[in-house]
Amino acid sequence: MAAADASTGSVRSGDVGIFYRRFGTPGRTPLLIVHGLSYFSYDWIGVASALATGREIVAIDMRGFGQSDWSSSRDYKLETLSSDAMNVLDALGWRQAVLIGHSFGGRVALATAGWKPERAAAVALLDFAPDIAAAGRRATAERIGRQPDLFATLDAALAYHGEDDTPAARARYEAFLKAVPGGFQLRRDLHFRDNFRKALDSGQSAPVPAYLWPMLSELKVPALVVRGSHSDMLDAPTLEKARACNPRVTGIELESGHDLAGDNPDGLVRVLRSFLDANRL
């Protein structure tokens, strides 16, 4: 998938700067994309470029990720992440946007739509619903929770994450790592690693907020939930539960694993474009 040029910028939000990539030109309803815990805005360049015809799209790096700042106070509460998204919309002068969130970013998108319904024209939850499958939860905890402070080499980072040494994977990790004394540091605050490590050590993981299902049930705007057919994070019964909880929810299964934008970007673009067109967004 060819990628269009994007401009970049940063918005001050509390104690951090939020980095973003901006695509397209003003026109139809703009889109705000929020990545997941193992991803960052770089991963959305291809999809955003393909969708940015006659509209603006912004993909952010959440605080603590990518080129956004790490919070000195380790403030990564869901309320704060939602406020960051709102501050980006305000800085861009967007009264409303379609809020698109992948994985943990879906939690941010849904909560933001629930708390600030006047700012959400629609919501798209990509391989996310409020119930997370046990297998995916465990795999995520192991991968992030066992992460070392530093990787000696880029190759070591690729190997740790089970990535083949392809030009695309190498380019991605060159963007997601920064050189520091002693090696390379992943551009994700170790706060997230430390939280998963505590969960692994204690055998108790933090529950998904109970208010997210009511938020999805009570949405008054169009909502899309897309499940990767091979996902270990969102299972088929939970997709059906999401469909049933609100007549405004459209549930779709796409041939993909959890990484929809990486595994099947063309299919994801088609699904998102169809949803936007059907709702005249």
Ala169 meets each of (1) without any contact (Cβ under 8 Å) to a residue 12 or more places away in the chain; (2) in a strand (DSSP E or B) with one exception, condition (2)
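Conditions (1) within 17 Å of the chain's Cα centre (by Cα); (2) in the same structural domain as Thr153 (by TED's automatic domain parsing), marked per residue:
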| position | (1), (2) |
| --- | --- |
| Arg188 | yes, yes |
| His191 | no, yes |
| Met215 | no, no |
| Asn246 | no, no |
| Ser256 | yes, no |
Just one listed residue, out of Phe104, Phe176, Phe184, is among the aromatic types (Phe, Trp, Tyr), more than 22 Å from Gly262 (Cα to Cα) and surrounded by 18 or more Cβ atoms within 10 Å (Cβ to Cβ), and it is Phe184
| Is there a residue being at pLDDT 95 or above, surrounded by fewer than 19 Cβ atoms within 10 Å (Cβ to Cβ) and aliphatic (A, V, I, L, M) anywhere in region 222-235? | no
When restricted to Asp127, Asp90, the only residue charged (D, E, K, R) and either outside the structural domain of Met62 (by TED's automatic domain parsing) or touching a strand residue (DSSP E or B) at 6+ places or on another chain (Cβ under 6 Å) (or both) is Asp127
Here the residues within region 98-115 that are in contact with a helix residue (DSSP H, G or I) (Cβ under 6 Å, 6 or more places away or on another chain) and either within 17 Å of Pro30 (Cβ to Cβ) or β-branched (Val, Ile, Thr) (or both) are Leu99, Gly101, Val108, Thr112
Filtering region 172-183 for residues that are outside any helix (DSSP H, G or I) and closer than 14 Å to His161 by Cα leaves a count of 1
Subset of region 199-248, residues in contact (Cβ under 8 Å) with a residue 60 or more places away in the chain, in a loop (DSSP other than H, G, I, E, B) and touching a helix residue (DSSP H, G or I) at 6+ places or on another chain (Cβ under 8 Å), comes to Ser205, Val208, Pro209, Tyr211, Leu219, Lys220, Val221, Pro222, Ser231, Asp232, Met233, Leu234
In the set Asn264, Asn195, the lone residue that is under 28 Å from Asp155 (Cβ atoms), among the polar types (S, T, N, Q) and not assigned by TED's automatic domain parsing to the domain that holds Ser49 is Asn195
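Would you check if Glu118 is more than 24 Å from Val16 (Cα to Cα), surrounded by fewer than 19 Cβ atoms within 10 Å (Cβ to Cβ) and in the same structural domain as His230 (by TED's automatic domain parsing)?
Details: more than 24 Å from Val16 (Cα to Cα): yes; surrounded by fewer than 19 Cβ atoms within 10 Å (Cβ to Cβ): yes; in the same structural domain as His230 (by TED's automatic domain parsing): yes.
Taking the combined requirement at face value, the residue satisfies it.
Residue-wise test of (1) over 26 Å from Glu118 (Cα atoms); (2) assigned to a helix (DSSP H, G or I).
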| position | (1), (2) |
| --- | --- |
| Gly9 | no, no |
| Gly17 | no, no |
| Tyr42 | yes, yes |
| Gly46 | yes, yes |
| Arg74 | yes, no |
| Ser82 | no, yes |
Looking across region 32-64 at residues that are in contact with a Ser or Thr (Cβ under 7 Å, 6 or more places away or on another chain) and of a type in the set (Asp, Glu), the single one that is surrounded by the most Cβ atoms within 10 Å (Cβ to Cβ) is Asp61
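For the structure I just gave you, tell me whether Ala97 is in the same structural domain as Arg22 (by TED's automatic domain parsing), farther than 24 Å from Arg188 by Cβ and surrounded by 24 or more Cβ atoms within 10 Å (Cβ to Cβ). Outline the logic, then answer.
Details: in the same structural domain as Arg22 (by TED's automatic domain parsing): yes; farther than 24 Å from Arg188 by Cβ: yes; surrounded by 24 or more Cβ atoms within 10 Å (Cβ to Cβ): yes.
In short, yes.
The values are calculated or read from the model by the stated rules, or taken from the named source; none is laboratory data. Because the structure is a prediction, the values reported are computed rather than measured. Note: ideal-geometry Cβ built from the backbone for every residue, glycine included; neighbour counts use all protein chains shown.
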